[in-house]
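Notes for the one structure printed next.
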Amino acid sequence: MKNYLINLFKTTKLKLPYLSEIDPTFSVPGQSNHGDYATNAAMILSKKLKRNPKDIANEIITNLDYDKNIIEKIEIAGPGFINFYFTASYNSQIVKDVLDEKENFGKSKKYAGKKAMVEFISANPTGPLTVGHGRNAVVGDTVANMLEWIGYSVDREYYFNNAGRQMRVLGDSVRLRYLELLGQKSTEGGEFPEDYYQGEYIKDIAAKLKNEYGDKLVNEDAEGKFKQAAEKEIFADIIKTMERIQIRMKNFFNENTLYEEGKIKALLDEFKKKNLSYEKDEAVWLKLTELGNDQDKVIVKATGEPTYRLPDIAYHITKYDRGYDLMIDLFGSDHSATYPDVLAGLRALGYDASKVKVLIHQFVTIMEKGEVVKMSTRKANYITLDELVDEVGSDVVRYFFNMRSITSHLNFDLDLAKKQSDENPVFYLQYAHARIFSILRMTKDEGLNSSLENLELLITKEEQNLLKKLYEFPDDVIYSAENFETNRITSYLEELAALFHRFYTECRIIGSEKKLAEARIALCIAVQTVIRNGLSILGVSAPEKM
């Protein structure tokens, strides 16, 4: 529908040259009685042309050379909106498109040939993934899926640092637990330091080392076997957790390689060469005030240790060097005040910072019976992503993390997540998909098959609403991907499922005239296809039985 209107206005520019001055947009009106699509083109043009928008709207309509088999009527509404009503027979043709394209319906080549990277999770290997990491993981993977659906070639990347204080503390945490297992005091006072890693997973790693080496590591340095074993075990655990929710990374990028390959030194030299840095109090500062930020920031401390800004800028330069047209960074809200410094540094070096899109997600709270939940203390004072998957399953975890805007704090309701009823949106959608399989089995037993020959018989309000909703799917995928809004896909699917259940309640298949029944079966298959396609974007399964 939308593409038809866009092309219609393009051809009308020959008659009305002023249409070339705008790029008209078409949207689905909030109320169905206002048409299938509407445009405010006349209202925008009224300012440019200094004419009454209703007069302009009438002139546009008069000059539109449209097919009356496609558009039933066009009306002017309000201050100058142009509302388009498509014919029932045209609406029904979407079923053919869906059944022809099957699993490709909703995909586009809009960004074919473009290369994107989505960097997400990026947790240092100091412990298991938490529910906070879970939201980052699921949304990041779904954004990557959406970008693939609109034509991008997408790489998923995990950026981590296995050096620095965090990792030294990790290694020493394992060392002290190892000594405890050997019956030795871990510290002079015998107390395990409060600022060390407390989880049982540290004891598990220490126990494995004791079983393998006995007491041979008593004099081992914390950054030797202890740190290496911890990193290996924790990363293996992280990868297993990601696989449980269907996430597979293309690349793992170690921050330490930036130092090993001289990229940090080269970046410092470049800042100095361009007079963008200076020394003060034995530290190196970046002239961020000259780059539009509020204050200058330290990039190398007096101790000689870089702050996060320096390796992050160097890391992003590698993304440009690798030829990405779009670079997505997904961070928790604790990064909201820090990433502008990195973008300012990139701009100062001449890089197009508009290619970097930073997405900030809010925190997650697990709720049960209206109370905040602490599911276990085994892994320390937080809930692991594995524990959440154990409780409700991968499908629910992925759907619930996707169904709210990342700008909103997410209350993950365990009671709702476990319900096997229409209140649970995951159950509601999967049930709609499985129900259509059940319908197809029943109709087959009755000797009824899908047919595209009599789709013009689909004229009831329930059928037409369902058909129009199918038309929206490709546009919704593009909009969702371009705006990185995974929750728009969940909203679309829930609306589609609601329209389907209403249709099935009001429109009989078995017992209807054969031609109508077989057209309705084709409509059911089209709905099932779109539900399955939408769920696949979200990384959620589409079962045949429930």
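For the reader, a short list of remarks on this structure follows.
- Entries in K96/K444; K96/K468; K419/K469; K102/K514; K13/K68 that, when Cα-Cα distance is taken, lie over 18 Å: K96/K444; K419/K469; K102/K514; K13/K68
- Applying the criteria of a DSSP loop state and at most 14 other Cβ atoms within 10 Å to the GluC sites (Glu not before Pro) of the stretch 271-314 yields E282.
- In loop segments of the stretch 457-546 as defined by DSSP, the trypsin sites (Lys or Arg not before Pro) with at most 12 further C-beta atoms inside 10 Å of their C-beta are R508, K545.
- Separation between Cα centres of the stretch 440-459 and the stretch 46-84, rounded to whole Å: 39 Å
- Couplings for the stretch 84-97, taken from phi via the Karplus curve 6.51 cos²θ - 1.76 cosθ + 1.60 with θ = phi - 60°, read 10, 10, 8, 6, 4, 5, 5, 4, 5, 5, 4, 4, 4, 4 Hz in order; Gly and Pro are left as x.
- Rg and Dmax of the stretch 434-546, based on Cα coordinates, read 14.6, 46 Å.
- Rg to Rh quotient for the stretch 2-86, alpha carbon positions, Kirkwood Rh: 0.92
- Dipole axis of the chain (+1 Lys, Arg; -1 Asp, Glu on Cβ), positive-most option in S405, H34, F437: H34
- Remark: relative contact order (the stretch 2-86) = 30 percent; criterion is Cα-Cα distance under 8 angstrom and separation of 6 or more residues.
- Distance between the C-alpha centres of the stretch 357-435 and the stretch 295-334: 31 Å, rounded to the whole angstrom.
- Helices in the chain, meaning DSSP H runs of at least 4 residues, each add -39500 (n - 2.57). Divided by all residues, the mean residue ellipticity at 222 nm is -15500 deg cm²/dmol.
- Here's how it looks for K357: its modeled amide H is under 5 Å from those of M327, I328, D329, which are all 5 or more places away or on a different chain.
- Residue by residue, the stretch 352-367 carries 3J(HN,Hα) couplings of 7, 5, 5, 6, 9, 10, 9, 10, 10, 10, 7, 6, 10, 10, 8, 10 Hz when phi is fed to the Karplus relation 6.51 cos²θ - 1.76 cosθ + 1.60 (θ = phi - 60°); x denotes Gly or Pro.
- ³J(HN,Hα) computed for each position of the stretch 273-285 - Karplus, 6.51 cos²θ - 1.76 cosθ + 1.60, integer Hz, glycine/proline x: 4, 8, 6, 9, 9, 7, 9, 7, 6, 6, 10, 9, 10
- Answer label for P(r) over Cα pairs in 20 Å bins from 0, in percent (calculated), chosen among [x] 18, 38, 28, 14, 2, 0; [y] 18, 41, 30, 10, 1; [z] 21, 51, 24, 4, 0: [y]
- Charge dipole magnitude, Cβ of K and R +1, D and E -1 - the chain, Cα centre, debye nearest 20: 1160 debye
- Pairs exceeding 21 Å between alpha-carbon atoms, taken from K10/K48; K263/K301; K203/K369; K208/K240; K240/K355: K203/K369; K240/K355.
- Put the Cα centre of the stretch 172-227 next to the Cα centre of the stretch 524-546 and the gap is 49 Å.
Readers should treat all values here as calculations from the given coordinates under stated rules, not as data from a laboratory. Quick caveat: nothing in here was measured; it's all calculated off a predicted structure. Positions of Cβ are generated from backbone atoms using ideal geometry, with glycine treated the same way; all protein chains shown enter the neighbour counts.
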